[in-house]
Structure formats: structure tokens, C-alpha cells
Amino acid sequence: MAAHDFDLIVVGAGPGGYVSAIRAAQLGLKTAVVEKDKPGGVCGNWGCIPSKALINQAEGFERIKDLEAIGVKVDTSNFNYAAVQKKSRDAADRSGKGVQFLLKKNKIEYIQGTAVLNGPQSLLVDGKEYKARFILLAAGSRPRQLPGFEFDENQVLSSTGILSLTQLPKSLIILGSGAIGMEFAYVMSVFGVKVTVVEMLPRILPLEDHETSAVVEKAFKARGVSFFTSAKATELKKNSQGVSLTLQLADNKTQILEAEKILVAVGRVPNTENLGLEKVGIKTDRGFVVVKDYYQTDVPSIYAIGDLIPSPLLAHVASKEGEIAVEHMAGKAHEKRVDPLSIPGATYCEPQIASFGYTEEKLKEKGLAYKAYTFPYTGNGKANAIEHQEGLVKVLMDAKTHEILGGHAAGAYATEIIHEILLARKAELLPEDIATMVHAHPTISESVMEAARGLEGWAIHI
């Protein structure tokens, strides 16, 4: 056996792992990927991709009422949710095959099995040893379980369990109103499920700007979704009809909710157990791997990225962290870490919500002087033409320097248009640059231009 079998072995073939492997191969590193499940990771198989396929089907189903408004009769009596679910699995399969193709194209060896660290430059995969100059840990995460609310994937569902459903429940409680909870609240409510969302914090989508989360809450309530905020789930009981959830409300009163099933969507847990971290001296904090610049652990030859470390648990963050790590291994590093204020977040319900940087609440907490402007979709020609007037674009800037501090959008195409504001921040442009750039008419992107103009004091269409 050679001193090293590979320059780099990546543990995990999700968005962090496979992107890292491809970038490493591009930089001339002989690379292998170890995966115990399927290529694509949670995102491709049981997360981002299949859930977006479900959302796409829900959007099509919701448009039936628009057809009926112009006299078209649509017979939904043979609607079959199993066919919807199959489309989501087909999307996951296509995603996995795409990852396999990319790995093969880039001459990356794919090793099926479970990896355990055996030393600073050694891995055991189902008992067989592989050596590499560098090891990159990208083993991902799993849904967080709460004591008393353990998943049985029958009545108490994880995000994986709800993606596996082939039959719709009549009613569903969703515990947690983050991106996962709200996306499934959208899908289920559109297909006729009675949905109730429970959030422990004072408002839904608590990490988002208060104005954009209000847009989503209003739209969901119009669909018949019920919300309980500032509500703590204290007890779950299962019976033959479904589940019974006891809530403690803000006024210390008790509320009991009943439904056929409950989805517990309260975050994710890093897969740091059973990797052999302790054996090689890698530290963890609250379950996350501790890393330095370039995502290096205390063992210089071992790096960790994505959901294993305490950064936002997002596929695109894992991918970028992996690129930074392997560029450092290859001696071509140009940035030490992902800038947390330049990470876009996106929730793909309808209306969509997207953001980056500071919220107003965070700026007030920090005592930073800022200026904000919100432009409503009601002033946008495209939004009015396509009857999606619910929405807004909000831009925050430093009151003195006019540096862009944050961008927020809710409404149609929010997850796409947020990148114009983010690019401006990355390129160190000012709102004035967006405000004076010619935007095609009619486009939703004009709302970005108008918000930037508003910061400069001359919004036109309001």
C-alpha cells in the first residue's frame, strides 16, 4: 500500500461533501468520497430537493382556483397524493444520479460504507483502512428529537417521515415555525389538511425580519392555517385517533390540540457520534466539531464543514465551507471563513421569504445606527399583473456610510431576487448603485430598485 491512497478523503456525499470533492479534483487532488447512504445526502434525498418537488406540486394544485376563476372546470375527485409523493421521490433519484455523474466525471472514487477515523491521516470504512494526506468530515445532521416527542414516523413525524407519506392526514400539528415547518405547513394546507403551527417564540419564522414574517403569517391564515405563538409544548399523548398535544400559553393557561399526526420540526443535530473524533483528539462543543480558520480542526490534516460545525445548517453554506477548506489544502486559500452576514436564507413556501445580514431587531440590539426602507409589492407592476400583491422588499443600510447591512424579501420570487441585494453587498456597492441601475419592466426585481431608491429618498411607485 502506498504511503497515502489519496490526497483527500471526504466523509459524506451531501452538498458539502460532493462539492468539496469536485473542487478538490479541479485543484489536482486525488480524491475519494465515502458515503454510507446515497449520494446527495439529506438535502438531495430527504430534504431540499424532494421538499421543493412537493412545493412545486402544491403550487400547481393551488392554481386550480385561478383556472376556475376564468371558467375552467377542474375535477379533483381522483386526486392522489401518492402520485405527488412519487414525483418528489423521482426528483430525489434524479438528484442522486446527478451527483454520481459529477463524481465519476471528475474521476473521484466513490466508496460505499461507514467511515470511522483511525488516525490523523487514516480512515476505516467498514473495517478496511484508507489513508490520505487530508480528511474532510461532512457527515451532516439529522432531525432533532425532543424528550416525550420521539419520532415513530407514524403519528409523530420527522421531516423524513412526512416526506415518506403517501396518504394525507386529515389534520396535522407542526411543532416549530422555521423553514422546514412552514414549508410543510404550506404543502399540507394547500392539499386540504387542517394545519396548526405551534411556535415557542413570540412570532412565526422568528429568525426573519418581523415585516416579512408578518406577510407569510397573513397569507397562511387566509388559507386556514392556525398559529399558536409563545406556546410551549409540554406533553404529547398518542391514541387510536391520533395525537393530543398540551400547550402552555404565554398567560400560563393550558391549551389542548388534537390532530391525526404531528410533525416535530425543531432543528437538527450534527452526526458527530461514531466518527472516532475522540480517538484522534478532535474537540466538540454542544455536539458540534470545533474548527479554526479554513475549517481546520485541532488535528491539522482533518477539516470539518456543514452541519457538523456551528454555522447555519444550510446546504449552500456547507458547499462554500467545503470549497474554502479544500482550497486551503491545495495552497490556494483566499478566504478564511464564510461571512455570516453574507449568507442567504430562503423558505420556499408561498409567499416565499428570503433574507441575509441583519434584521432591524439585531441592529437595535447592537445599537447600530441604520436606515431602513420597505417597498410593498402593491407598488410593483409585475406583482399586480400576476395577482401576487402580497409581499415586500426591505433593505437596511448603515446610516452614515450607506453600507448595505441586510436584505429581506417576502412574496413571489423572493428567493431569487434577494441575490441582487446580496451581490451588491459583496461587491461593496451602495443602495444608490441599485437605485440608478436600469431594471426591466415589469419585473419583481423592480421592487429591489424601488427599495434602494426609497433609502435615497426618491422611490417612484409609492
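What follows draws every value from the coordinates through simple rules; no lab data is involved. Quick caveat, the model's predicted, so the values are computed rather than measured. For neighbour counting, all protein chains shown are included, and Cβ atoms are generated from backbone atoms with ideal geometry for every residue, glycine included.
As a proxy for reagent exposure, Asp37, Asp152 were ordered by neighbouring Cβ count within 10 angstrom, fewest first; the result is Asp152, Asp37. Taking the number of Cβ atoms within 10 Å of each Cβ as an exposure proxy, the fewest-first ranking of Asp5, Asp398 is Asp398, Asp5.
For the chain, Cys349 stand unpaired, since no other cysteine beta carbon lies under 4.7 Å from theirs.
Based on the reciprocal of the average 1/r between different C-alpha atoms, the Kirkwood radius for the stretch 121-226 equals 16.5 Å. Please state the shape class of the stretch 172-250: rounded when a/c is under 1.5, otherwise prolate if a/b exceeds b/c and oblate if not, all from the C-alpha gyration tensor. The shape class here is oblate. Database remark: amide H of Val34 closer than 5 angstrom to the amide H of Val10, Val11, Gly12, Ile111 (H placed geometrically; neighbours at sequence offset of 5 or more, or on other chains; Pro and chain starts carry no H).
Please report the spacing between the Cα centers of the stretch 135-193 and the stretch 20-61 in Å, no decimals. Rounded to whole Å, the Cα centres lie 19 Å apart.
When the stretch 27-78 is described by a simple charge dipole with +1 on each Lys and Arg Cβ and -1 on each Asp and Glu Cβ, the residue from Gly47, Thr76, Val33 located farthest towards its positive end is Val33. Restricting attention to the stretch 330-454, the count of lysine pairs at 8 or more positions apart or across chains with alpha carbons under 26 Å apart stands at 20. Take every pair of alpha-carbon atoms less than 8 Å apart whose residues are at least six positions apart; their mean separation over the length of the chain yields a relative contact order of 14 percent. Cross-link partners for Lys86 among the lysines, with Cα-Cα distance under 26 Å and sequence neighbours closer than 8 places in the same chain left out: Lys36, Lys38, Lys52, Lys65, Lys73, Lys97, Lys170, Lys194, Lys261. What are the aspartates and glutamates whose alpha-carbon lies under 12 Å from the alpha-carbon of Lys218, with same-chain residues fewer than 8 places away excluded? Correct list for Lys218: Glu350, Glu390. In this label model, Leu341 and His4 are separated by 3.7 nm, measuring between points 7 Å along each Cα→Cβ vector.
With a Förster radius of 51 Å, plug the Cβ-Cβ distance of Arg63 and Lys332 into 1/(1 + (r/R0)^6) and report the FRET value to the nearest 0.05.
Numbers: r = 47 Å, r/R0 = 0.93.
My answer for the efficiency is 0.60.
D by Stokes-Einstein for the stretch 356-462, Kirkwood Rh over Cα pairs, 4 °C, 1.567 mPa s: 95 µm²/s. Distance between the pseudo-spin-label points of Asn252 and Glu403 (7 Å out from Cα toward the beta carbon): 4.6 nm.
Percent of C-alpha pairs per 10 Å bin in the chain, short distances first: 4, 18, 26, 26, 19, 6, 1, 0. Counting only aspartates and glutamates at least 8 places from Lys128 when in the same chain, those with an alpha carbon closer than 13 Å to its own are Asp5. Extents of the stretch 316-395, largest first, come to 51, 35, 19 Å (Cα atoms, principal axes, whole angstrom). Computed from point charges on the beta carbon alone (+1 for Lys and Arg, -1 for Asp and Glu), the dipole magnitude for the chain about its Cα centre is near 860 Debye. Rounded to 0.05, the FRET efficiency of the Thr443 and Arg286 pair, given R0 = 35 Å and the Cβ-Cβ distance, is 0.20. Sorting 64-71, 412-419 by their mean Cβ neighbour count within 10 Å, with the most densely packed peptide first, gives 412-419, 64-71.
Taking a ≥ b ≥ c as the square roots of the eigenvalues of the alpha carbon gyration tensor, the stretch 382-432 is prolate, as a/c is not under 1.5 and a/b beats b/c.
When you restrict to C-alpha pairs under 8 Å that are six or more residues apart and normalise by the size of the stretch 351-456, the relative contact order lands at 32 percent. Shape class for the stretch 230-270: oblate, because the ratio a/c of the largest to smallest gyration tensor axis (alpha-carbon atoms, square roots of eigenvalues) is 1.5 or more and b/c is at least a/b. For Glu387, project a label point 7 Å along Cα to C-beta. Then give me every residue of the stretch 215-230 with its amide nitrogen under 16 Å of that point. The answer is 223. Simple point charges give the picture: +1 on the Cβ of Lys and Arg, -1 on the Cβ of Asp and Glu, and for the stretch 156-266 a dipole about the Cα centre of about 380 debye.
The stretch 409-459 and the stretch 222-278 have Cα centres spaced 38 Å apart.
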